[in-house]
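Please treat every number below as a calculation from the coordinates, not as lab data. On a predicted model such as this, the values are computed, not experimentally measured, just so you know. Glycine also receives a Cβ, built like all others from the backbone with ideal geometry; neighbour counts cover every protein chain displayed.
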């Protein structure tokens with residue numbers, strides 16, 4: 001079992017931030033998964049599952065550090081992404097199977113899943129595959145299987161990738177944030193935050209893996225809806241009021257499908273509403289986890 005403590009065995013007095021936490025590896029299903037783990041020891045850990053095209057370096061340091069103040073938090077690179085080798089899986093369900101193997105390889109039999117965008121889709125499939133593993137769910141910038149408008153994900157993504165290329169900006173400037181004055185300022189601040197880590201950064205996702213993930217999301221959008229009403233675990237849903245990637249009405253739908261859910265929709269915010277409102281989100285997420 002891999003170690004997952006706040007302090008490394010060689011530096012017992014070190015307290016990490018997301019900018020300094022080391023990258024570690026654990027083998028599961030014959031794959032060496034890269035991960036980062038830190039925070040308050042004890043209790044049920046929070047497993048963060050990332051978005052389309054994301055490596056661990058796309059995690060928002062303010063959110064990760066905020067959760068780590070009260071919980072052990074773990075993030076990882078999906079198969080075929082960043083520092084994790086292998087071939088990127090073709091379906092969200094297969095990605096969920098890999099994530100379960102990774103979680104069990106760390107020795108956990110009960111976790112809190114925190115998924116953003118595609119990560120929220122993977123989290124739902126983990127719940128479907130192994131309900132006993134999941135203690136609570138935080139689902140952000142995402143919707144249920146067969147989400148309305150999600151089948152346009154390729155058009156929206158490629159359009160904003162092109163806008164980013166033309167304007168010499170990261171596509172997330174357009175994909176994750178509104179084009180208002182507040183949205184643009186938040187986008188710049190977020191894109192600066194994810195550059196704070198300067199050592200042991202991941203390699204960017206390969207184009208082939210990006211396209212595979214994009215196809216997997218579209219297939220998930222066209223799949224049969226899941227019956228989420230059977231699950232009684234606590235669920236916290238959050239999004240912006242102007243999500244163009246996973247249209248915001250899907251977040252309301254997602255919350256309604258669970259029997260024990262609460263929802264927050266941030267005004268003047270897009271797909272990355274939790275990044276734009278990270279201070280409020282961290283407080284709300286910690287309050288949800290403390291219940």
Mean separation of Cα contacts under 8 Å (6+ apart) over length of the range 1-140, as relative contact order %: 25 percent
May I ask you to compute the full-extension gain from residue 232 to residue 286, defined as 0.36 nm times their residue separation minus their alpha-carbon distance, rounded to one decimal in nm? 17.5 nm
The orientation-averaged projected area of the Cα convex hull of the range 1-142, in nm², is 7.7 nm²
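Sort 283, 291, 204 so the one with the fewest other Cβ atoms within 10 Å of its own Cβ comes first.
Sorted ascending by nearby Cβ count, the order is 291, 283, 204.
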Gain in span if fully extended, residue 204 to residue 181, counting 0.36 nm per residue against the direct Cα distance: 5.4 nm
Choice from 143, 119, 43 showing the highest fluctuation, given a GNM over the chain with Cα pairs closer than 10 Å: 43
Using a Gaussian network model of the chain with C-alpha springs under 10 Å, which one of 209, 186, 229 is most mobile by mean-square fluctuation? 229
Residue among 260, 78, 277 with the largest mean-square fluctuation in a Gaussian network model of the chain, springs linking Cα atoms under 10 Å: 260
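With a 10 Å Cβ neighbour count serving as the proxy for reagent exposure, in which order, fewest first, do 64, 118 appear?
Going from least to most buried by this count: 64, 118.
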Considering only the chain, percent of DSSP beta bridges that pair antiparallel, nearest 5: 30 percent
What is the order of 266, 252, fewest Cβ neighbours within 10 Å to most? 252, 266
For the chain, what relative contact order do you get, as a whole percent, if you take Cα pairs closer than 8 Å and at least 6 residues apart? 20 percent
